[in-house]
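Take a look at the structure below.
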Amino acid sequence: MLEDTHTLTGPRKTDPPLTVRRILVHSTANAAGRHAARSKRLAKATEDLDKLTAAAGGRHYRNREKIVARIGVIAAKRRVTSCLGWTVTDNEDGVPALAWHFDQDVLDGEAAVDGWYALLMSVPADQTGPAEALIHYKGQGAVERRYHDFKGPLAVAPVFVQHNRRVAALIQVICLALLVFCLIERQVRRALGPEQTMSGLYPDNRRVRPTGRMIFYHLGELTLRIGSITDPPTVQITRGVQLHLLDLLDTDIGQTRWPQM
């Protein structure tokens, strides 16, 4: 990783400049992906350009204008405009011919930056080092997935309220619900050990990491048999996965204090 500073300017001239830390990170996986994508684009562009070269001067590409127009379409579609060089010449019979090549210097310049990306942050260096900043950045994916839970399993819908204090109260209730949802998922995964997978959640019995949605789906089908003074209420478990999840959550339903009926 490398680090320097970067100055951001606003859209208006009166906006004050903002200087932030810039941490340059290299990812080998990202570099390999960029290399593979570029090779694929070049291969497809080569195929299209070879076909155009063979068809130049034929029935569909009899003049220079049509050849040039087709080159523009290929270059834009395959995203090779920056590295593509070409010439169209006429032979002694006036038949156009196409010659093309990829600029190797441009390709080498693109390859040199493969895998590099920048992290911009305003936190001082004495509070967070480059390695810690990268760890925090990598952890943002988990936070973003919780927004999916916020809109999915919790099914939070827009609500119109009249006062700001009600907005704050609503946000607090939603955050508490999301916290409980996340803690239940975390507890089950931690109880499963390092592998963090289990079977029984899906009909095909494949081993997967349990999610909060699946945990609540199976536990939500538990039923309570109403008891009496002499016969306490009991939870009726219909599938083994329900009992397994209760064990992982360290929940002893036999010791639960039920309200008096």
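Values in this text are rule-based calculations from the coordinates and carry no lab data. Quick caveat: nothing in here was measured; it's all calculated off a predicted structure. Note that we place each Cβ from the backbone using ideal geometry, even for glycine, and neighbour counts take in every protein chain shown.
Order the peptides 207-213, 106-112 from the highest to the lowest mean number of other Cβ atoms within 10 Å of their residues.
Result, highest mean first: 207-213, 106-112.
So what is the calculated 222 nm ellipticity per residue for the chain, using -39500 (n - 2.57) for each DSSP H run with n of 4 or more, over all residues, to the nearest 500 deg cm²/dmol?
Only helices count here, giving -14500 deg cm²/dmol.
Would any residue of region 9-34 have its amide N under 17 Å from a label point 7 Å out along Cα→Cβ of Y117? List them or say none.
Only 22-34 pass the distance filter.
Based on the Cα gyration tensor of region 29-112, what are the three equivalent ellipsoid semi-axes, each the root of five times an eigenvalue, rounded to whole Å and given largest first?
So the equivalent ellipsoid measures 29, 12, 9 Å along its semi-axes.
Within region 92-122, what residues put their amide N at less than 16 Å from the label point 7 Å along the Cα-to-Cβ vector of N63?
Only 94-97 fall inside the zone, counting backbone N under 16 Å.
Taking the Cα-to-Cβ direction at W86 and at A43 and moving 7 Å from each Cα, how far apart do the two end points lie in nm?
About 2.2 nm separates the two model spin labels.
Give me the mean projected area, in nm² to one decimal, of the convex hull enclosing the Cα positions of region 163-261.
8.9
Determine the distance separating the Cα centre of region 36-68 from the Cα centre of region 83-132; give it in Å without decimals.
Each part reduced to its Cα centre gives a spacing of 20 Å.
Return the long-range amide H neighbours of W116 (sequence gap of 5 or more, or a different chain), with a cut-off of under 5 Å between placed amide H atoms.
Amide H neighbours of W116: S27.
Translational D (Stokes-Einstein, µm²/s) of the chain at 25 °C and 0.890 mPa s when Rh comes from the Kirkwood sum over C-alpha pairs?
This corresponds to a translational diffusion coefficient of 95 µm²/s.
Between K77 and A155, how high is the FRET efficiency from 1/(1 + (r/R0)^6) when r is the Cβ-Cβ distance and R₀ = 45 Å? Nearest 0.05.
0.60
Place the peptides 6-12, 244-250 in order of packing, highest mean first, counting for every residue the other Cβ atoms within 10 Å and averaging per peptide.
244-250, 6-12
Subtract the Cα-Cα distance of L24 and A55 from 0.36 nm times their separation in residues, and report this length gain in nm to one decimal.
Residue separation times 0.36 nm, minus the Cα-Cα distance, leaves 6.5 nm.
Between Y147 and Q236, what FRET efficiency comes out of the Förster formula 1/(1 + (r/R0)^6) with R0 = 41 Å and r the beta carbon distance, rounded to 0.05?
So the FRET efficiency works out to roughly 0.70.
Would you please classify the overall shape of region 24-69 from the alpha carbon gyration tensor, given that a ≥ b ≥ c denote the square roots of the eigenvalues, rounded means a/c under 1.5, and beyond that prolate means a/b larger than b/c while oblate covers the rest?
prolate
Sorted by average packing, counted as other Cβ atoms within 10 angstrom per residue and highest first, what order do 224-231, 118-125 take?
Output ranking for 224-231, 118-125: 118-125, 224-231.
How large is ³J(HN,Hα) for each residue in region 110-121, as worked out from phi by the Karplus curve 6.51 cos²θ - 1.76 cosθ + 1.60 (θ = phi - 60°), to whole Hz, x for Gly and Pro?
5, 5, 5, 9, 4, x, 8, 8, 10, 10, 9, 8
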